[in-house]
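Take a look at the structure set out below.
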Amino acid sequence: MREQLLHKINNKTKPLGSLGLLETIAMQVGMIQGTTSPAINQPHIVVFAGDHGIAETGLVNPYPQAVTAQMVLNFLNGGAAINVFCRQHNITLHVVDAGVNHAFGPAPAGQSGDRFIDAKMGLGTANYLEGPAMSETTATAAIEKGKSIVQAIAGSGGNCVGFGEMGIGNTSSASLIMSAVTGIPLAACVGRGTGVNDEQLQTKINTLGQAYALHRLPELRHQPVALLSRVGGFEIAMMAGAYLQAAEEKMVIVVDGFIASAALLLAQLINPSVVSHCIFAHTSGEQGHEKMLQHLQATTLLHLGMRLGEGTGAALAIPLIRSAVNFLQEMASFESAGVSNIEATT
Ligand SMILES: O=C(O)c1ccc[n+]([C@@H]2O[C@H](COP(=O)([O-])O)[C@@H](O)[C@H]2O)c1
Ligand SMILES: Cc1cc2nc[nH]c2cc1C
């Protein structure tokens, strides 16, 4: 298949390699789908929302925990950045309550076709400065729930999915997971998140250092469920399961920013082949993301200095992925168009 795809790509009416990363994407999507005529059907973004006990201490996050629930309602009312980009690019948006510290009541109706999924694992995690964030049973249940959500989307015909997240305090979980899994020192994994100042950043690093020592994270570096239970989040656990199922379903997976990539690190520990299904949308402005991407040996499509989350980077990358698939499908070949090629190409 690789040979056939390369032949098809190289015989399009363009100088060899001149579509750059789009050629890499066309090759990858063809390999995932096992065809020289790949297609992106209805793409989906799934945003997992969850709260973090540590956020209530105010030691690691500038915005209050209540923003998580408020933003979920904003998603359902169509007013967040991810709503705008999904509307613009005709992407179906799903919003999952993975464990927000708020009772939303019976299925709050989304406008503009947005879908709400109640998968609440609790009213936020416990504060991992004092004990585990959740039990290992709950971490496993969240992974399984993430799988079933993606299974339903695949069943409805979607073959491309991006995962986003919303959770005040979740850059802290992501930094701890990153440091544990990659072995990169914690201080190099901790960034400003939604925007801590220099002094708050030092407090964040010191605070997370305590959690790192308390839970002896380096000893858990090969144990995704244990890591999730100690310092994870419900939305991160669910997203890890979602990655695994999306790969199982042979979907094209679009990876968003810092937190979404940390969830992928955990999914990769469970099934290393998941990364071959992943297209990395963007390099986040969150310090640490670049090093995490290096660990994943990932090349990203976009460098926009974005650090919002919600799946916004993934949504912006989807039209580029469509362009990659479309050039493979629709461009004329040298032969069909009667354009002169050079000898070296076959
Ligand atoms: O996606 C990213 O790279 C990213 C980087 C920094 C912050 N965020 C978003 O900001 C929130 C977490 O930030 P914080 O400061 O509360 O840990 C959460 O809702 C994320 O979606 C997202
Ligand atoms: C307003 C706001 C919107 C967000 N979207 C994702 N994370 C966020 C964090 C804040 C604070």
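Across the stretch 282-302, the qualifying residues are those that are in contact with a helix residue (DSSP H, G or I) (Cβ under 7 Å, 6 or more places away or on another chain) and small (G, A, S), and the one among them that is nearest to ligand 1 (Cβ to nearest atom) is S284. For the stretch 100-111, state whether one or more residues are more than 15 Å from ligand 2 (Cβ to nearest atom) and surrounded by 20 or more Cβ atoms within 10 Å (Cβ to Cβ). No, the stretch 100-111 contains no residue that is more than 15 Å from ligand 2 (Cβ to nearest atom) and surrounded by 20 or more Cβ atoms within 10 Å (Cβ to Cβ).
G34 - would you say it is within 30 Å of G191 (Cβ to Cβ) and within 25 Å of the chain's Cα centre (by Cα)? It is false that G34 is within 30 Å of G191 (Cβ to Cβ) and within 25 Å of the chain's Cα centre (by Cα). Among the conditions (1) surrounded by fewer than 24 Cβ atoms within 10 Å (Cβ to Cβ); (2) touching a residue at least 60 places away in the same chain (Cβ under 8 Å); (3) more than 16 Å from ligand 2 (Cβ to nearest atom); (4) not hydrophobic (A, V, I, L, M, F, W, C), the only one that G146 does not satisfy is (1). Scanning the stretch 35-75 for residues that are within 25 Å of V325 (Cα to Cα), surrounded by 15 or more Cβ atoms within 10 Å (Cβ to Cβ) and hydroxyl-bearing (S, T, Y) gives a single hit, T36.
Looking across G305, G313, one residue alone is within 16 Å of ligand 1 (Cβ to nearest atom), surrounded by fewer than 21 Cβ atoms within 10 Å (Cβ to Cβ) and not acidic (D, E). It is G305. Of I259, I270, I279, all but one fail to be under 20 Å from A39 (Cα atoms), in contact (Cβ under 8 Å) with a residue 40 or more places away in the chain and either aliphatic (A, V, I, L, M) or more than 16 Å from ligand 1 (Cβ to nearest atom) (or both); the exception is I279. When the stretch 1-58 is filtered for residues that are under 28 Å from I153 (Cα atoms) and polar (S, T, N, Q), the ones remaining, listed by number, are T24, Q28, Q33, T35, T36, S37, N41, Q42. For the stretch 274-322, the candidate set comprises residues that are more than 22 Å from C189 (Cα to Cα) and within 16 Å of ligand 2 (Cβ to nearest atom); within that set, the residue that is farthest from the chain's Cα centre (by Cα) is L316. Every condition in (1) more than 25 Å from K14 (Cα to Cα); (2) in contact with a Gly (Cβ under 9 Å, 6 or more places away or on another chain) is met by V325 except one, and the failing one is (1).
For (1) modelled with pLDDT of 95 or more; (2) more than 16 Å from ligand 1 (Cβ to nearest atom); (3) at negative phi; (4) touching a strand residue (DSSP E or B) at 6+ places or on another chain (Cβ under 7 Å), each residue gets a yes or a no:
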| position | (1), (2), (3), (4) |
| --- | --- |
| G124 | yes, no, no, yes |
| E136 | yes, yes, yes, no |
| K145 | yes, yes, yes, no |
| I168 | yes, no, yes, no |
| A174 | yes, no, yes, no |
| G183 | yes, yes, no, no |
| G191 | yes, no, yes, no |
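Those residues that are in contact (Cβ under 8 Å) with a residue 40 or more places away in the chain and of a type in the set (V, I, T), I need them from the stretch 299-333; list them, please. Passing the criteria: T299, T312, I318, I321, V325. Checking G131, G158, G162 one by one, the residue that is small (G, A, S), more than 16 Å from A98 (Cα to Cα), more than 16 Å from ligand 2 (Cβ to nearest atom) and crowded, with 18+ Cβ neighbours inside 10 Å is G158 and no other.
The values are calculated or read from the model by the stated rules, or taken from the named source; none is laboratory data. These figures come from a predicted structure and were not determined experimentally. No Cβ is skipped: glycine too gets one built from the backbone with ideal geometry, and neighbour counts run over all protein chains shown.
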